[in-house]
Amino acid sequence: MKLAGANPQSEVVGGNELPGKVNYFIGNDPARWHTLIPTYARVQYREVYPGIDLVYHGDQGQLEYEFMVAPGADPSRIALEFRGAKGLAIDARGDLVLQMADGREFRQRRPVIYQEAVGRRMEVEGAFQITNSGSSVGFRIAGYDSTRPLVSDPVLVYSTYFGGIGNETEWRAIAADAAGNAYVAGTTASVNFPVANAIQSELRGTQDAFVAKLNPAGSTLIYCTYLGGSAAEIGYAIAVDMSGNAYVTGLTGSTDFPLANALQSVYGGSGPGNNGGASDDAFVAKIAP
């Protein structure tokens, strides 16, 4: 990836220094050795375009980059060129697709563009756009407050808290369907867990399993439900089929676990279980879209 028309003398600075140091002992000339080199969580290229910085950082195992646009700067100056790409396209979700000569595709997720005001992140409507007769990529950004900094992050799709007043200690599994909806299964002890279109809207035991479906943007709960009885449950795994049905499995210690079309309708343990104890039963459940 190359920044077309960018400042070749941009100053490079490290940010968020990490505790680790790096030493290079290469060759047998001590004068050329380098020791105690600091490491950083972020690397910032200042003024790659007038008033625009480029920042690289790691997030959940991925290298991300973001453009930081100062008040009054022009984000339309940003132009990305990709060496080795046979073609550039933007798909229906707004992702940038790089088509390679050998038939492979590389993707960059639709950018998240935002400003911060009064401690809150305010999303700004925007997207990739192909410019210069298909040779480079820029950003199309809707109206925003040009007196405030603007950030464009093309990788992080969403990130969110998800829980209530109690513990959500067992987040065991996640799956996704072809449309990008996320399906999550786990365990909650919160009486105010964020339910939506719930099969079971209240916590019934010391802890219940939960199942949730989030839309591709992570901005809407399509559904979220408790799943459990009067004892304790753990949600362990989830899968989803092409029709959007979710399949969940886990452990239950409840003699009154919610059943439907049951292969086994009577609890088989020796008594109410204790969160993974020897008397627990497994459960399997299928939840409609």
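The values are calculated or read from the model by the stated rules, or taken from the named source; none is laboratory data. If you're wondering where the values come from, they're calculated on a predicted model, not measured in any experiment. Here the Cβ is made from the backbone with ideal geometry for all residues, glycine too, and neighbour counts use every protein chain on show.
Just one residue in the set ALA212, ALA182, ALA196 is buried (at least 17 other Cβ atoms within 10 Å of the Cβ) and either over 21 Å from ASP91 (Cβ atoms) or hydroxyl-bearing (Ser, Thr, Tyr) (or both); that residue is ALA212.
Among the residues of the stretch 181-223, those identified as among the polar types (S, T, N, Q), under 20 Å from THR255 (Cβ atoms) and part of a strand (DSSP E or B) are THR187, GLN207. Checked against (1) modelled with pLDDT of 85 or more; (2) within 20 Å of PRO216 (Cβ to Cβ); (3) in contact with a strand residue (DSSP E or B) (Cβ under 6 Å, 6 or more places away or on another chain), GLU125 meets all criteria but (3). Would you mind stating whether TYR226 is outside any strand (DSSP E or B), surrounded by 17 or more Cβ atoms within 10 Å (Cβ to Cβ) and modelled with pLDDT of 90 or more? Criteria not met by TYR226. Cβ-Cβ distances below 9 Å connect the following pairs, each with a first residue in the stretch 4-27 that is loosely packed, with under 11 Cβ neighbours inside 10 Å, a second residue that is of a type in the set (A, V, I, L, M, F, W, C) and part of a loop (DSSP other than H, G, I, E, B), and a separation of six or more residues or different chains: ASN23/TRP33; TYR24/TRP33; PHE25/TRP33; ILE26/TRP33; GLY27/TRP33. Against the numbered list (1) closer than 30 Å to GLN99 by Cα; (2) out of contact with any helix residue (DSSP H, G or I) (no Cβ under 6 Å at 6 or more places or on another chain), LYS21 comes up short only at (1).
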